[in-house]
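J.: The following block contains the structure, expressed as structure tokens.
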Amino acid sequence: NGSTLTIEAGTMVKFLADKKMQVKGTLVARGTSSSKITFTSNETNPSKGDWEYIKFFDESTDASYSGTSYTGGSIMEYCIVEYAEYGLDISNASPFINYSEIRYNGKTGSSYHYGIGIRTRGGSPIITNCDIHNNDMGLDIAYSYSGSTGNFISYNTIRDNSPRGGGEVDYATFSYNTIKNNTYSSSEGNEPAAGLKVDGGTFEHNII
């Protein structure tokens with residue numbers, strides 16, 4: 001708490017099996033379009049589920065803005081998160097996730113809580129311009145906790161997620177996203193939608 005970890009553009013962070021990254025201070029991971037930051041498996045031949053996840057806790061520093069421009073707090077920009085059990089877990093926290101790629105996360109035969117590209121529970125994260133693909137399930141954007149103002153999910157592509165489809169959106173402003181080529185063929189969980197299951201919030205200007 002109260003500390004800042006800054007990860008420079010072009011850095012590759014490799015995780016051993018069963019390891020996770022827990023954010024309770026400020027994470028500043030800002031790559032560029034030509035020099036991304038990669039969070040990945042330490043295995044020579046990586047595969048889904050090699051490590052656990054990156055989790056933002058309630059104690060983490062929320063992103064701040066001047067109008068729509070980021071000014072401080074926790075941010076992941078031009079990052080790649082791959083080969084985890086699930087990519088990002090945002091728990092009553094409000095980081096800014098922008099221009100990032102969340103891919104190849106999952107774990108066959110595991111609990112339905114795993115295998116998700118991005119999972120949120122409360123807080124007011126802003127997730128924009130991301131490519132969320134080839135995970136077991138794309139998104140699980142869930143209920144708001146007391147005092148939170150909802151999730152803002154916009155201008156993302158949610159594609160090629162299987163076997164649990166695009167995922168579920170609940171209590172979010174979900175707009176200008178593209179959902180395509182997702183497949184549902186799983187008996188796990190309760191999200192029987194290849195495209196997206198929507199239950200509450202605002203859903204507008206999306207292409208499915």
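Since every read-out is calculated from the coordinates, none of them should be taken as a lab result. Just so you know, these numbers come straight off a predicted model, no measurement behind them. Backbone-built Cβ (ideal geometry, glycine too); neighbour counts: all protein chains shown.
J.: What order, most packed first, do the peptides 71-80, 123-132, 34-43, 158-167 have when packing is the mean number of other Cβ atoms within 10 Å of each residue?
T.: Ranking the peptides 71-80, 123-132, 34-43, 158-167 by packing returns 158-167, 123-132, 71-80, 34-43.
J.: Say the dipole of the chain comes from +1 at the beta carbon of Lys and Arg and -1 at that of Asp and Glu; which of 34, 128, 195 then lies farthest toward its positive end?
T.: 34
J.: Further question: Fully extended, how many nm does the chain gain between residue 180 and residue 69 (0.36 nm per residue separation, minus their Cα-Cα distance)?
T.: 37.1 nm
J.: Report the equivalent ellipsoid semi-axes for the chain in whole Å, largest first, defined as the square roots of five times the eigenvalues of the gyration tensor built from alpha carbon atoms.
T.: Semi-axes, largest first: 23, 21, 15 Å.
J.: Right, another one. What distance in nm separates the two pseudo spin-label positions at residue 24 and residue 58, each 7 Å out from Cα along the beta-carbon direction?
T.: Result for the modelled spin labels: 1.3 nm.
J.: If you restrict to DSSP beta bridges whose two residues both lie in the chain, what percentage is antiparallel, to the nearest 5?
T.: 5
J.: OK, next. Count the net charge of all other residues whose Cβ sits under 10 Å from the Cβ of residue 98, scoring Lys and Arg as +1 and Asp and Glu as -1.
T.: For residues surrounding residue 98, the net value is 0.
J.: Under 5 Å between amide hydrogens, which residues at least 5 positions from residue 75 or on another chain qualify, with H placed 1.01 Å from N in the peptide plane?
T.: 27, 28, 29, 96
J.: Also: How high is the relative contact order of the chain? Use alpha-carbon pairs under 8 Å, at least six apart in sequence, and give a whole percent.
T.: Here the relative contact order equals 13 percent.
J.: Sticking with this one: According to a simple spin-label model (label point 7 Å from Cα along Cα-to-Cβ), what is the distance in nm between residue 203 and residue 11?
T.: In this crude spin-label approximation the distance works out to 3.8 nm.
J.: Quick one: work out Rg over Rh on the C-alpha atoms of segment 10-65, Rh as Kirkwood radius.
T.: 1.02
J.: I've got another one for you. What's the whole-number percent of alpha carbon pairs in segment 18-107 lying beyond 18 angstrom?
T.: That fraction is 45 percent.
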